[in-house]
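Enquirer: My structure is below; once you've seen it, I'll send some questions.
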Amino acid sequence: MNHHENFTLIGPFTQILTMTNLPEAGAITDDELDVLEDGGIVVCDGVIKMVGKYNVLLKVAQEEHHNFEKITEPMVLLPGLVDAHTHICFAGSRANDYAMRVAGKSYLEIARNGGGILDSVRKTREATIVELVGLLKKRCDRHLAEGVTTCEVKSGYGLTVDDELKMLEAIKLVNKHHEIDLVPTCLAAHMRPPEYSDSNVYLQHVLEELLPQVKEQELANRVDIFIEDTAFTERESLEYLLAAKELGFDITVHADQFSTDGSKVAAEVGAVSADHLEASGEAEIALLKEAGVVATVLPGASLGLGMHYAPARKMLDGGLCVAIATDWNPGSAPMGDLLLQAALIGASEKLTIPETIAAITTRAAKALNLKDRGCLAKGQVADFIAFPTSNYKEILYFQGKLKPTIVWKRGEKVQVTIP
Ligand code: NIG
Ligand code: FE
């Protein structure tokens with residue numbers, strides 16, 4: 001035996017999409033996609049050691065006494081999916097909002113009448129941390145079974161120091177005990193809570209009383225804000241985000257969902273990503289491009305609110321790095337199926353297959369500033385998913401109904417049962 005005894009060779013796979021050697025931003029043509037036929041992957045201690053032709057890896061593996069995990073059916077391997085924007089730590093349902101929306105009220109009207117986000121705030125404040133952990137864990141079970149191995153989760157339904165901390169602690173607890181990796185984000189600036197009449201006073205309170213604790217207890221290293229008529233203005237947001245950045249947080253913004261001030265702020269503060277962007281046009285795309293901000297589009301919110309998608313095609317042609325995320329939340333996007341939503345926006349916006357897959361793997365990892373995942377290459381976290389097909393084109397073609405049947409998290413197979 002030698003020092004390679006902990007190595008495991010997994011394969012053969014009919015095709016492996018490594019998602020390496022792709023442009024970091026802008027359009028991707030079909031022939032830029034590397035398709036490794038009859039490939040294998042070697043892992044050790046949760047990290048990828050080698051990716052290559054199965055036959056070549058097999059020889060090495062036999063000589064060096066690796067372990068084997070044999071794949072006996074035709075399968076296509078992809079990196080584990082990354083959902084770069086969710087709000088899945090919440091209590092309650094907003095089915096009543098849904099009924100009002102389909103009967104003709106708009107999302108913003110419902111919000112102005114004290115429904116919408118504030119309704120979820122009331123229910124999340126009432127929930128204990130144990131209840132929140134249980135609810136979040138269930139949603140993580142489903143996400144992981146559907147191939148999402150890394151998931152961002154925002155606070156933002158607490159809107160008091162204690163309730164925001166409760167949410168972030170629930171996220172931390174689930175992250176510790178669940179196979180999925182959660183990336184927490186503090187969204188205390190989701191809306192001005194009813195206890196405050198002045199947004200600036202509330203934001204100042206968050207900056208002084210909440211964010212230092214979030215930092216100190218390592219509950220999140222990302223800060224988000226919702227810039228919109230019913231939430232925060234361009235000016236309030238800019239000051240808040242610059243101060244949060246000063247405290248050492250990465251910045252992300254809910255931008256341009258209905259009106260276009262958000263992307264300007266995102267560009268000005270040097271946000272890692274600007275998310276939503278349904279209302280963005282050429283000027284906004286140019287600003288984001290100039291500032292190197294990742295554009296994260298959220299088809300789930302468009303589907304939930306019955307509105308058009310963000311202009312993802314124009315964004316790619318304008319040179320942006322486009323990620324696709326679910327925005328899974330109780331209000332605008334209750335579905336939370338990343339693969340299905342990626343397939344749908346891809347069909348409508350005419351995104352190439354590599355553009356869509358990059359948007360939920362490599363480019364989604366970039367939206368979270370994560371450098372150790374998103375593609376299959378030496379040194380990357382061993383998160384990958386296998387689909388029961390011999391042609392990668394079938395994955396999006398089936399519009400999300402062809403699910404991965406094996407999911408590996410840090411090199412270990414996880415039990416896939418969709419709750
Ligand atoms: O990203 N736009 C603001 N926030 C969430 C919705 C949250 C909610 O409605 O509960 C979003 O769509
Ligand atoms: Fe959101």
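Computed from the coordinates by the stated procedures, all read-outs in this text should not be read as laboratory data. Bear in mind the structure is a predicted one, so any value in this text is a computation, not a measurement. Every residue, glycine among them, receives a Cβ derived from its backbone with ideal geometry; neighbour counts consider all protein chains shown.
Enquirer: From the Cα gyration tensor of the range 256-318, with a ≥ b ≥ c the square roots of its eigenvalues, which class applies: rounded if a/c is under 1.5, or else prolate if a/b is larger than b/c, or else oblate?
Expert: Here the range 256-318 falls in the prolate category.
Enquirer: While we're on this one: Which GluC sites (Glu not before Pro) does the range 17-92 hold that lie in a coil by DSSP with at most 13 other beta carbons within 10 Å?
Expert: Details: sites: Glu24, Glu32, Glu37, Glu63, Glu64, Glu69; in loops: Glu24, Glu64.
Listed in order of number, the matching sites are Glu24.
Enquirer: A follow-up question, please. Which FRET efficiency value, to the nearest 0.05, is calculated for Asn200 and Glu109 with the Förster distance at 30 angstrom and r the Cβ-Cβ distance?
Expert: Working: r = 25 Å, r/R0 = 0.84.
Calculated value: 0.75.
Enquirer: Return the Cα extents of the chain along principal axes one, two and three, sorted largest first, each rounded to a whole Å.
Expert: Reported extents, whole Å, longest axis first: 71, 43, 42.
Enquirer: Let me ask you something else. Which angle between 0 and 90 degrees, to the nearest 10, do you get for helix 161-177 versus the longest principal axis of the chain when only C-alpha atoms count?
Expert: Its long axis makes an angle of about 10 degrees.
Enquirer: Can you tell me how much longer the chain between Asp45 and Glu246 gets when fully stretched, taken as 0.36 nm per residue apart minus their C-alpha distance, in nm with one decimal?
Expert: Computed gain between Asp45 and Glu246 is 68.7 nm.
Enquirer: Once you have all Cα-Cα distances for the range 1-115, histogram them in 10 Å bins from zero and send the whole-percent values.
Expert: Calculated over all Cα pairs of the range 1-115, the distribution is 11, 27, 19, 14, 16, 10, 3 percent.
Enquirer: What three numbers, in Å, describe the spread of the alpha carbons of the range 106-233 along their principal axes, ordered from the longest?
Expert: Projected onto the principal axes, the Cα atoms of the range 106-233 cover 41, 36, 24 Å.
Enquirer: Same structure, new question: Would you give the gap between the C-alpha center of the range 302-358 and the C-alpha center of the range 219-241, rounded to a whole Å?
Expert: 23
Enquirer: Please give the helix 234-246 orientation as an angle from the longest Cα principal axis of the chain, in degrees from 0 to 90, rounded to the nearest 10.
Expert: Between helix and principal axis, roughly 50 degrees.
Enquirer: Within 10 Å of each candidate Cβ there may be at most 16 other Cβ atoms; applying that plus a DSSP loop requirement, which chymotrypsin sites (Phe, Trp or Tyr not before Pro) in the range 182-255 survive?
Expert: Tyr196
Enquirer: Could you state the orientation-averaged shadow area of the convex hull built on the Cα atoms of the range 278-398, in nm² to one decimal? Write down the numbers at each step before the final one.
Expert: Working: hull surface 32.8 nm².
For the range 278-398, the mean projected area of the Cα convex hull comes to 8.2 nm².
Enquirer: Checking the a/c ratio against 1.5 first, then a/b against b/c, what shape does the Cα gyration tensor give for the range 76-181?
Expert: oblate
Enquirer: Next up: Can you say what percent of the DSSP beta bridges in the chain, counting only those with both residues inside, are antiparallel? Round to 5. Spell out each step's value before the answer.
Expert: Details: 24 of 56 bridges.
Here the share of antiparallel DSSP bridges comes out near 45 percent.
Enquirer: Can you find, among Ser273, Phe258, Phe384, the residue farthest towards the positive end of the dipole of the chain? Put +1 on the C-beta of Lys and Arg, -1 on that of Asp and Glu.
Expert: My answer, from the dipole projection, is Phe384.
Enquirer: Still on this structure: Where in the range 131-190 are there trypsin sites (Lys or Arg not before Pro) that are in a DSSP coil and have at most 12 other Cβ atoms within 10 angstrom of their Cβ?
Expert: Numbers: sites: Lys137, Lys138, Arg139, Arg142, Lys154, Lys166, Lys172, Lys176; in loops: none.
Here no trypsin sites (Lys or Arg not before Pro) fit, given the DSSP loop and packing criteria.
Enquirer: If you don't mind, there's one more thing I want to ask. Looking at this model, which pairs from Lys264/Lys393; Lys215/Lys371; Lys53/Lys289; Lys172/Lys366; Lys70/Lys403 are more than 27 angstrom apart at the alpha-carbon?
Expert: Lys264/Lys393; Lys53/Lys289
Enquirer: Cut-off 10 angstrom, C-alpha nodes, Gaussian network model of the chain. Which of Ala347, Ala367, Ala271 fluctuates the most?
Expert: Answer for the Gaussian network model of the chain: Ala347.
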